[in-house]
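The structure under discussion appears below in the form of structure tokens.
The values are calculated or read from the model by the stated rules, or taken from the named source; none is laboratory data. Keep in mind that what you see is a predicted model, and the values were worked out from it rather than measured. Quick reminder, even Gly has a Cβ in these numbers, built from the backbone with ideal geometry, and neighbours come from all protein chains shown.
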Amino acid sequence: MSLYTYDDCAILSPISTDPPSQLFGHHEHVIKPIRLDPSTGSQKKPIPTNKFYENLMLDNGQDPIWSLPYGLRWEQGQRNGFCGFSVSHIDDDKKVFGPDPNQNPVRFYYSLYVPTIVFSAKELGSNHELKLSDMSELSLTINLFPHGYTDSYISFPISRGMSFITAEYKDLTPLFYSESEFIKIESSRKIANEYTKWKVLLKDDSVWLLYAKGKLTLKIKSLHQLEATSGQYSGIIQVTKVPAGNREAEVVFDNHAGTYPIGAELQASADGSYAFNWKVGGDKSKSLLIYSLPHHRESFANALLQTTIELSTPTKGKAIAYIGNTWLFIEPNLPTDIEFLPKNFHSRLSSIDKRTQILEQAKKDLELDFNKEALTDSTYFSGKRLSKFALLCLVLNEGLDEPNLGAICVNKLKITMDIYTQNRQQAKLAYDTTWKGIVCVNGFTKGADADFGNTWYNDHHYHYGYLIYAAAILRHLDEDWGKRNENWVYNLIRDVANPSAEDSHFPVFRTFDWFNGHSWAKGIFSSMDGKDEESTSEDVNFYYATKLWSIASNRPSLTKLMDLILAILSRSLSNYFLIENDNKNHPKKFIKNKVTGTLFENKIDYITYFCSDVECIHGIQMLPITPITAYTRNKNFVTQEWKQKLGPIINSVNNTWKSILYANYATINPEAAYQFFLNNRDTPLDDGLSRTWALFWSSIAGCDDSLLDDLV
């Protein structure tokens, strides 16, 4: 079980432990989590909704989960008659590319799920039970019980990055299946730690090692079946794949057989460091062997022993195994200087003509009907527009130093925002007592897809990030308003990013994945390719907005936590989502896309859920354009993306996405962007972008270049 601790700065301390605001009515969700083990109390705690193991507690539980580098799946006999829990791993040369694999770039790639090794038992029929427990940030426990059995089981401690898939058998007769066909097994003498080892050769040319401690003999019964001939067994059995051509790997696996991670304690500090203190199961006398991802290796701060063991992951490049029970990371380039506006924007906004032009536009935007624009039946679209008007107020008050007009803007915005903070908007919010979270009630009457699936916990970081951003600017400009409405804001923050299990009203870090280094947007929808993330910039926007709120509210520990998450995000996005020419984590014939489109745990597809046009695929990775934009989208990437993908099509784009592309272009060519927004007033703007902000941003963009150049 994963624990959350914090240092003297308490950046992982609870934001609040109070019950949710009474503003939100209570609803019981129509979707219930299933297969939770009631004996462990799992049903009484806040239940994660966006974690890697979600598929197992939804629908029929048959979609895979991805611990990385392995895929795992519950087998109930519908496929090939296999019953049990399967393991899959696909090497890079067997990945599927399409729709035309000969194109460069291809649109998508993924790994076929192949049940290469299936843990089972003779007593395990198709009517066996699966129960889940100990669910946490980095781990969970899966238990399989034959029908009618209560004291006999197979238990799987599942952890991110585990090098061995470990099964604890209790009074059952081991049985293994493989879709790849068993060709040969070779038994070894007992190795140093008294484990017997078998080398398993499969028809797909892969080699797997199987370790067991105790009396166990195995025999191939058929091409797809490997049986224990020694009767019922109680003890640990472990399986791992040997990387092709790696002669050293077997010795390393031998030395670490019998030990495995059972979760981790997450630690974080105000100095930009964080750690996974892995919990050791099995043989505690030995150090753990755990696979790392590329962004981990860039930020490792402690001396870990790197091995030569390397396996591909479905969408995150190469996983390399390291030896050590504590992983310490450091993010040296925290965005501590990025607040509401760049600190030296005045030096950029030196042109009297530009200031006059921006002010003229701001007066026009101030005449807009805030209520009419922002009071929609969608939390997402309302949030975007509230955020747009908040930025207008910020420009008037601080960017242009127009306090009289700024006061008019703030008062107009407060009237509209108060409708939301009093929960009187069309798309009302409610506290879901089943999964414990703030959801839009629309889905209960309009179905799961209403408001992009918000009621089913899709996209909460996207939606609430805009609301929090607007509230943060308002509190910055009107402290009294902020104090009156802080409980409402903190409820939204806690829903997405509750940092402590001491807060029993929301799960810990609903969307952010500390192992992958970014958030997952998909909620309680089962998915064959696992969780996914489409809009990296809206992911960033939530943590940036929360940072601004914490600054305005004088919550320095929360500010430090947001700085750390933003730094981790910046690193992971540059590794996996925003693809520079020298990227090593994606196949060469995908790199020319420059962005991933939609990144799943097992698939990357250069497309969005709503549009297949290039401007949409790239634009959704940009909006909203704010002072944090250049921190996570470095100049080198933006330049390559513009030259290779966006510049060639920009003149043919005639929709609102053109405004987003140009606002992003301002980070490398602010003058061209400024002239575009000044002289192309017939071009429609994105509903979350005002022309005032577009002009103001283009006039000051690039003033924090040092932050871009120093990123590691």
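Do we have residue 495 as under 16 Å from the mean Cα position of the chain (by Cα), among the acidic types (Asp, Glu) and either modelled with pLDDT of 95 or more or in a loop (DSSP other than H, G, I, E, B) (or both) here? Spell out the reasoning first.
Numbers: under 16 Å from the mean Cα position of the chain (by Cα): yes; among the acidic types (Asp, Glu): yes; either modelled with pLDDT of 95 or more or in a loop (DSSP other than H, G, I, E, B) (or both): yes.
In short, yes.
Specify which of the listed residues (442, 411, 423) is of a type in the set (S, T, N, Q) and either surrounded by 22 or more Cβ atoms within 10 Å (Cβ to Cβ) or under 30 Å from residue 345 (Cβ atoms) (or both).
Numbers: 442 fails: either surrounded by 22 or more Cβ atoms within 10 Å (Cβ to Cβ) or under 30 Å from residue 345 (Cβ atoms) (or both); 423 fails: either surrounded by 22 or more Cβ atoms within 10 Å (Cβ to Cβ) or under 30 Å from residue 345 (Cβ atoms) (or both).
From the options 442, 411, 423, the qualifying one is 411.
So which residues in the stretch 259-269 are at pLDDT 95 or above and of a type outside the set (S, T, N, Q), if there are any at all? Break it down into steps so the answer makes sense when it comes.
We begin by selecting, within the stretch 259-269, every residue at pLDDT 95 or above; these are 259-262, 264-269.
Once the filter is applied, which keeps residues that are at pLDDT 95 or above and of a type outside the set (S, T, N, Q), the stretch 259-269 yields 260, 261, 262, 264, 265, 266, 268.
Pick out the one residue from 669, 654 that is closer than 22 Å to residue 351 by Cβ and surrounded by fewer than 22 Cβ atoms within 10 Å (Cβ to Cβ). First the steps, then the outcome.
Details: 654 fails: closer than 22 Å to residue 351 by Cβ.
Being closer than 22 Å to residue 351 by Cβ and surrounded by fewer than 22 Cβ atoms within 10 Å (Cβ to Cβ) holds for just one of 669, 654, which is 669.
Report every pair of residues separated by at least 6 positions or lying on different chains whose Cβ atoms are under 7 Å apart, first residue within the stretch 462-486 and within 18 Å of residue 628 (Cβ to Cβ), second outside any helix (DSSP H, G or I) and of a type in the set (A, V, I, L, M).
The qualifying pairs are 462/521.
Can you say whether residue 46 is farther than 30 Å from residue 612 by Cβ, touching a Phe, Trp or Tyr at 6+ places or on another chain (Cβ under 7 Å), buried (at least 17 other Cβ atoms within 10 Å of the Cβ) and not hydrophobic (A, V, I, L, M, F, W, C), as far as the supplied structure shows? Before you say what the answer is, go through the steps one by one.
On the way: farther than 30 Å from residue 612 by Cβ: yes; touching a Phe, Trp or Tyr at 6+ places or on another chain (Cβ under 7 Å): yes; buried (at least 17 other Cβ atoms within 10 Å of the Cβ): yes; not hydrophobic (A, V, I, L, M, F, W, C): yes.
Answer is yes for this residue.
How many residues, within the stretch 123-176, are of a type outside the set (Lys, Arg), closer than 21 Å to residue 281 by Cβ and either part of a loop (DSSP other than H, G, I, E, B) or at pLDDT below 95 (or both)?
Of the residues in that region, 10 qualify.
Looking at the stretch 340-374, which of its residues are of a type in the set (A, V, I, L, M, F, W, C) and either under 20 Å from residue 407 (Cβ atoms) or touching a Phe, Trp or Tyr at 6+ places or on another chain (Cβ under 9 Å) (or both)? Before the answer, list the steps.
If we filter the stretch 340-374 for residues that are of a type in the set (A, V, I, L, M, F, W, C), which is where we start, we get 340-341, 345, 349, 352, 358-359, 362, 366, 368, 370, 374.
Result: 340, 341, 345, 349, 358, 359, 362, 366, 368, 370, 374.
Can you find even one residue in the stretch 547-559 that is in contact with a strand residue (DSSP E or B) (Cβ under 6 Å, 6 or more places away or on another chain) and touching a residue at least 60 places away in the same chain (Cβ under 8 Å)? Spell out how you get there, then give the answer.
First pass over the stretch 547-559, keeping only residues in contact with a strand residue (DSSP E or B) (Cβ under 6 Å, 6 or more places away or on another chain): none.
Within the stretch 547-559, not a single residue is in contact with a strand residue (DSSP E or B) (Cβ under 6 Å, 6 or more places away or on another chain) and touching a residue at least 60 places away in the same chain (Cβ under 8 Å).
Applying the selection to the stretch 655-679, what residues are more than 21 Å from residue 591 (Cβ to Cβ) and either at pLDDT below 95 or of a type in the set (Val, Ile, Thr) (or both)?
Hits for the stretch 655-679 are 656, 660, 667.
Output the residues belonging to the stretch 612-645 that are more than 14 Å from residue 107 (Cα to Cα) and free of Cβ contacts under 8 Å to residues at least 12 places away in the same chain.
643
Can you go through 228, 257, 268 and tell me which one is over 27 Å from residue 318 (Cα atoms) and among the hydrophobic types (A, V, I, L, M, F, W, C)? Before you say what the answer is, go through the steps one by one.
Working: 257 fails: over 27 Å from residue 318 (Cα atoms); 268 fails: over 27 Å from residue 318 (Cα atoms).
None of the others qualify; the one that does is 228.
Scanning the stretch 492-518 for residues that are among the polar types (S, T, N, Q) and in contact with a Leu (Cβ under 8 Å, 6 or more places away or on another chain), which turns out farthest from residue 315 (Cα to Cα)? Lay out the reasoning, then the answer.
Of the stretch 492-518, the ones among the polar types (S, T, N, Q) are 498, 500, 504, 511, 516.
This time we only want the ones that are in contact with a Leu (Cβ under 8 Å, 6 or more places away or on another chain), so: 500, 516.
On the way: 500: 29, 516: 11 Å.
By that ranking, first place goes to 500.
Which residues, counting only those in the stretch 517-560, are of a type outside the set (Ser, Thr, Tyr), more than 17 Å from the chain's Cα centre (by Cα) and either over 19 Å from residue 492 (Cα atoms) or part of a helix (DSSP H, G or I) (or both)?
Going through the stretch 517-560, the residues of a type outside the set (Ser, Thr, Tyr) turn out to be 517-518, 520-525, 528-534, 538-542, 545, 547-549, 551-552, 554-556, 558, 560.
Checking the rest, the ones that are also more than 17 Å from the chain's Cα centre (by Cα) come to 545, 547-549, 551-552, 554-556, 558, 560.
Residues satisfying the conditions are 545, 547, 548, 549, 551, 552, 556, 558, 560.
State which residue pairs qualify: first residue on the phi < 0 side of the Ramachandran plot and inside the stretch 352-364, second residue aromatic (Phe, Trp, Tyr) and surrounded by 17 or more Cβ atoms within 10 Å (Cβ to Cβ) in any location, beta carbons under 6 Å apart, and separation of 6 or more residues or different chains.
358/696
Quick check on residue 138: is it within 17 Å of residue 53 (Cβ to Cβ) and touching a helix residue (DSSP H, G or I) at 6+ places or on another chain (Cβ under 7 Å)? Before the answer, list the steps.
Values: within 17 Å of residue 53 (Cβ to Cβ): yes; touching a helix residue (DSSP H, G or I) at 6+ places or on another chain (Cβ under 7 Å): no.
Answer is no for this residue.
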